[in-house]
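Please read the structure below before turning to the comments.
Taken together, the values in this text are just the output of simple stated rules run on the coordinates, not laboratory data. Quick caveat, the model's predicted, so the values are computed rather than measured. Note that each Cβ is placed from the backbone with ideal geometry, even for glycine, and that neighbours are counted across all protein chains shown.
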Amino acid sequence: MEDNHRLAEIEIRVSFPITKHGPLKEKVERGTTVGTALTDAMTYFEVHDDSQFTYVLAHDGQEQNGSTTLESLAGKSHEVRFNLVKKITQG
Amino acid sequence: MTLDAESRLNLRHDEPDVVAFLLQNDGLVERDDQVDDGGDPAMYWLAMRPSSDPNERYYIRLEWDAYPYKEPSIKFADAIRGLLTVTRAWPNITGYRAGSFDICRPMCREGFLVHPEWNQGSTAWPTEGNPFLWVVETIQFHMDNEYQGRAQ
């Protein structure tokens with residue numbers, strides 16, 4: 001039973017260079033969406049969107065849609081790595 | 001550019017994460033004083049490529065004057081230690097202005113000069129963590145997600 005629970009989980013690691021915090025590491029359900037992971041990351045890093053920019057998660061360099069599931073990004077892996085990106089608007 | 005001792009130490013501290021990130025992305029970083037004796041320790045040369053066009057190479061000069069407290073100058077060059085006034089050295093990315101050789105975003109000296117109001121509030125230059133890595137990650141993100149070819 002415990003093994004099944006472990007298989008249903010995935011570890012996410014989110015890095016953000018301009019913070020006093022280290023990377024976010026947490027275990028979540030494999031069906032969790034990128035949008036939920038983004039919310040967790042923004043809470044952890046204490047940042048929020050405003051009129052100048054928004055935050056997104058990038059995986060392998062690519063910006064991810066909020067509805068994408070972590071399972072679809074991970075494949076058979078037990079971990080998904082993201083960068084939290086501050087999307088700056090044009091000047 | 002004269003770089004104070006504290007800035008020099010802070011840059012040395014943050015450099016390894018930049019080296020690792022660029023290696024993962026088929027890029028490289030060289031400090032100017034490693035390229036040549038007598039080079040400028042405030043200056044770094046990056047080679048980067050967009051993931052959509054891995055055969056392209058862009059060369060970027062970062063020049064710091066007080067790290068991490070002030071934003072760097074960011075210029076594209078036609079080679080490491082190359083010319084900084086070549087339009088084709090620039091990528092077509094929103095806010096990257098090949099015609100005026102600057103980036104109009106709150107991430108570099110040139111952008112803050114055009115928009116001094118960016119010094120206030122959430123667009124202010126970040127001094128926590130590793131801003132050197134942040135600048136490089138941001139350029140890579142733009143190349144991977146907003147790249148529209150080489151400027152003509």
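A few notes on this one:
- Chain B, relative contact order [Cα under 8 Å, separation at least 6], %: 21 percent
- Integer Hz, Karplus 6.51/-1.76/1.60 couplings in order for region B:15-32, x for Gly and Pro: 3, x, 5, 5, 4, 5, 4, 5, 4, 5, 10, 6, x, 7, 9, 9, 6, 4
- The order of A:Lys25, A:Lys87, going from fewest to most other C-beta atoms within 10 Å of their C-beta, is A:Lys25, A:Lys87.
- Percent of beta bridges antiparallel (DSSP, region A:2-88, rounded to nearest 5): 75 percent
- Restricting the trypsin sites (Lys or Arg not before Pro) of region B:89-152 to loop positions (DSSP other than H, G, I, E, B) with no more than 10 neighbouring Cβ atoms within 10 Å leaves nothing.
- Taken residue by residue and averaged, Cβ atoms of other chains lying within 10 Å of the Cβ of A:76-88 number 3.
- In this rough spin-label picture, where each label sits 7 Å from Cα along the Cβ direction, the B:Ser52-B:Lys70 distance is 3.6 nm.
- Residues whose amide H falls under 5 Å from that of A:Glu26, counting only those 5 or more places apart or on a different chain, are A:Ile12, with hydrogens built in the peptide plane.
- When +1 charges are put on Lys and Arg Cβ atoms and -1 charges on Asp and Glu Cβ atoms, the dipole computed for region B:5-145 relative to its Cα centre reaches about 360 debye.
- Value of [θ]222 nm, deg cm²/dmol, for chain B, DSSP H segments ≥ 4, -39500 (n - 2.57) each, nearest 500: -9000 deg cm²/dmol
- Residue-by-residue Karplus 3J(HN,Hα) for region B:104-117, coefficients 6.51, -1.76, 1.60, Hz, glycine and proline x: 9, 9, x, 9, 8, 4, 5, x, 6, 5, 6, 10, x, 5
- Neighbour counts of other Cβ atoms within 10 Å put B:Glu146, B:Glu128 in the fewest-to-most order B:Glu128, B:Glu146.
- Residues with amide H under 5 Å from that of B:Asn130, placed H, sequence gap 5 or more: A:Ile18, A:Thr19
- Rounded to 10°, Cα long-axis angle of helix A:34-45 versus longest principal axis of chain A: 60 degrees
- Peptide B:111-124 is shielded by partner chain Cβ atoms: per residue, an average of 2 of them sit within 10 Å of its Cβ.
- Rounded to 5, the percent of DSSP beta bridges in the protein assembly as shown classed as antiparallel: 85 percent
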